[in-house]
Amino acid sequence: MKRLALFLPAFALIVATAGPLQAQEWPSHPVKIIVGFSPGGSADQFGRLIAQELSDALGQQFFIEYHIGSSGTIAAGLTARATPDGYTLMVGGSGPHITSPAINPNIGYDPLKDFTHIAMIGADGFVAIGSPALGAKNLADVVRAAKSNQGPLTFSSPGPGSLGELLMLQFGRKAGIELTHVPAANSGLMDVLGSHIDMSMSGLLTNGEQIRAGKVTPLGVTSTERNPVYTDIPTFIEQGYPDVHGDTWFWLTGPKDLPPDIVEKLNRQVRLALNKPNVRAYFEQHASLAMDADVAGVNKFLANEVAYWGALAKANGLTVQ
């Protein structure tokens, strides 16, 4: 009995401290990062980059799982409904969290309230590319082609409700031409190469190789200034469309109510990764933007983006039912 009495206080101490110790040990098994877009695209490239960095830093595998479709909203819905234990994360993006909710009141989740937004990863500038058959060298050529054709020109994007679709439709309205959106895999790049679709509006990361090879014609970038890697591609602003601009941001997010200690740990590790020489070199080589922000800064930035694009969509009557 004396031995048992000595053992019981020690056992009680173990039980009392088990919860905090388990929290400190996160992650204790592999962590899933959901990507809602095709392999090889911007979200996938940023996701794989940060998954490797987190795997190296935290000693557990962070792996990518694809749930492709509806401009990333399928992936976002799955993430919003996931258990908030830190083992299901997502590469959040402008499409599923900003532009799609702006035009779809029935999307099924709140882009701010139903998620725990953790850390910014990076941004990819958007570029409009033209097919070989279109023959356009710039936006003025696109307008002339649209006005001389029997029917509207076609374009693809990362998906319905994506930033690419919103920007291209805005260009069409400002130019006074009709453009028809055609959803296609991998932003329609292969369809544009084959001249089955006239144009595409998607990330430079997706289109860079084909642009450098001269297989597609870059018509304009949507950043406010020329991209430092693609200095020969003019902006939409330069070509007379000051209201057509925006970059597609990606960040690490998860379901609402993630434990604050996990959120802070992830935010810290992502920010450390973004400052590593190899990651900085990757961003420079691929003309990607980076943002160093704490958790409060991440949420303030995203709240402003949701408000801006929501107001723009409403002002232009963009909505789907």
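The values are calculated or read from the model by the stated rules, or taken from the named source; none is laboratory data. Just so it is clear, the structure is predicted and the values come from calculations on it, not from any experiment. We place every Cβ from the backbone using ideal geometry, glycine too, and count neighbours over all the protein chains shown. Just so you know, the surface numbers come from the protein's heavy atoms only, side chains and all, with ligands and any DNA or RNA stripped out. Shrake-Rupley method; radii C 1.70, N 1.55, O 1.52, S 1.80 Å.
Points to keep in mind about this one:
- Shape class of the chain from the Cα gyration tensor (axes a ≥ b ≥ c, square roots of the eigenvalues): prolate, since a/c reaches 1.5 or more and a/b is larger than b/c.
- Amide H to amide H, with H built 1.01 Å from N, VAL31 comes under 5 Å of GLN61, PHE62, PHE63, counting only residues 5 or more places away or on other chains.
- Local net charge near GLY92, Cβ-Cβ under 12 Å (Lys/Arg +1, Asp/Glu -1): -2
- The longest part of the chain holding none of the exposed loop GluC sites (Glu not before Pro), meaning those outside H, G, I, E and B in DSSP with at most 12 other Cβ atoms within 10 Å, is 26-224.
- Modelled this way, with points 7 Å down the Cα-to-C-beta line, the labels at SER148 and ASN304 are 4.3 nm from one another.
- Cα-only Debye scattering, region 173-230: base-10 log of I(q)/I(0) at q = 0.18 Å⁻¹: -0.70
- Ellipsoid semi-axes in whole angstrom, largest first, where each is sqrt(5λ) of the Cα gyration tensor of region 123-210: 19, 14, 12
- Long-range amide H partners of LYS256 with built H, under 5 Å: PHE115, THR116
- Residues in region 289-313 that a label on GLU264 would reach, taking backbone N under 14 Å of a point 7 Å out along Cα→Cβ: 294-296
- Prolate/oblate/rounded call for region 187-282, Cα gyration tensor, a/c under 1.5 rounded: prolate
- Shape category assigned to region 20-170 from the gyration tensor of Cα positions, a/c cut at 1.5: prolate
- Long-range amide H partners of THR154 with built H, under 5 Å: THR180, ASP198, MET199
- Neighbour net charge for SER200 - beta-carbon separation under 12 angstrom, K R +1, D E -1: -3
- Carbon and sulfur %, accessible surface of the chain computed with the full protein complex present, 1.4 Å: 55 percent
- With protein chains left intact and a 1.4 Å probe, residues in the chain average 45 Å² of accessible area per residue.
- Only Lys, Arg, Asp and Glu carry charge here, each on its Cβ (+1 for the first two, -1 for the last two); on that basis region 21-161 has a dipole of about 620 debye about its Cα centre.
- Order of exposure, largest accessible area first, which applies to THR319, THR248 with probe 1.4 Å: THR319, THR248
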